[in-house]
Amino acid sequence: MIIILLGPPGAGKGTQATRLMDKHGFVQLSTGDMLREAIANGTELGMQAKAIMDAGNLVDDNIILGMIGERLSSGASDKGVILDGFPRTIAQAEGLDAMLAEMSLGIDHVIEMQVDEQMLADRIVKRAAESDQVRDDDTVEVLQKRLNVYHESTAPIIPYYKDKGRLSVVDGMQAIKTVASAIDNIIGGQEV
Ligand code: ADP
């Protein structure tokens with residue numbers, strides 16, 4: 001099963017992805033985590049990506065597609081995959097479709113987590129305070145830029161998946177547990 005979690009920064013995608021991984025044994029593929037790992041390891045990619053991420057902009061589509069392609073072709077999809085923070089542009093969504101078609105796979109569910117954007121600044125500040133990972137983009141200033149980028153580049157993929165009949169919406173402002181059961185209902189208790 002392949003599931004995409006979609007929503008603005010702070011919507012709770014990572015929280016729900018981790019929970020789905022623990023409960024259903026899915027593999028979580030978070031492009032943000034992969035990029036932060038590259039930064040922590042001081043790789044060439046990490047060094048290139050850091051400035052882009054810190055400014056709240058998007059890393060190049062081909063780099064992201066390459067990262068995801070590598071994971072999918074190395075068997076990540078066998079266990080069921082939860083994509084968190086990817087795709088973020090129409091080009092990434094199209095690239096993903098092409099990759100999956102080659103593997104005779106398809107997307108099962110795209111779950112849009114809707115949130116009240118007025119509340120996001122509070123969540124991001126809280127996340128920055130609670131996390132032991134240093135994220136230079138988790139500030140109120142960069143959040144505004146990331147939200148603009150979300151509306152401009154990522155939100156257009158919502159109708160893309162709606163047209164394909166894959167889209168479901170959950171209210172991401174509810175308690176974590178309530179959001180979790182809404183997601184479980186969508187995926188229908190299906191195991192991988
Ligand atoms: P959040 O879910 O809070 O927005 P992420 O960890 O998903 O944070 O992403 C952090 C940053 O990493 C993004 O602002 C962007 O610069 C980069 N990034 C992550 N995923 C992608 C992607 N699919 N395409 C382009 N850039 C990405």
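In this label model, LYS164 and ASP22 are separated by 3.0 nm, measuring between points 7 Å along each Cα→Cβ vector.
With the convex hull drawn over the C-alpha atoms of region 144-191, the volume per residue is 102 Å³.
A simple count of charges around ASP184, restricted to other residues whose Cβ falls under 10 Å of its Cβ and scoring Lys, Arg +1 and Asp, Glu -1, yields +2. Straight-line reach from LYS145: which lysines fall under 24 Å, measuring Cα to Cα and dropping same-chain residues less than 8 apart? Result set, ordered by chain and number: LYS13, LYS50, LYS126. Cross-link reach is defined here as a Cα-Cα straight distance under 17 Å, omitting same-chain residues fewer than 8 places apart; for LYS162 none of the lysines meet it. Answer rounded, prolate or oblate for region 103-192, using the Cα gyration tensor with square roots of eigenvalues a ≥ b ≥ c: rounded when a/c is under 1.5, else prolate when a/b is larger than b/c, else oblate. Prolate, since a/c reaches 1.5 and a/b exceeds b/c. The average projected area of region 1-121, computed from the convex hull of its Cα atoms over all directions, is 7.8 nm². For region 82-122, the direction-averaged projected area of the alpha-carbon convex hull comes to 3.7 nm².
Binning the C-alpha pair distances of region 34-192 at 5 Å intervals from 0 yields a P(r) profile of 1, 7, 14, 18, 20, 20, 14, 5, 0 %, listed from the shortest bin outward. On the beta carbon distance between ASP171 and MET47, with R0 = 30 Å, the FRET formula returns roughly 0.15. Note on LEU100/VAL134: beta-carbon distance plugged into 1/(1 + (r/R0)^6) with R0 of 25 Å gives a FRET efficiency of 0.15.
Since every read-out is calculated from the coordinates, none of them should be taken as a lab result. Please read all numbers here as calculations on a predicted model, not as lab measurements. All Cβ positions, glycine included, derive from the backbone under ideal geometry; neighbour counts span all protein chains shown.
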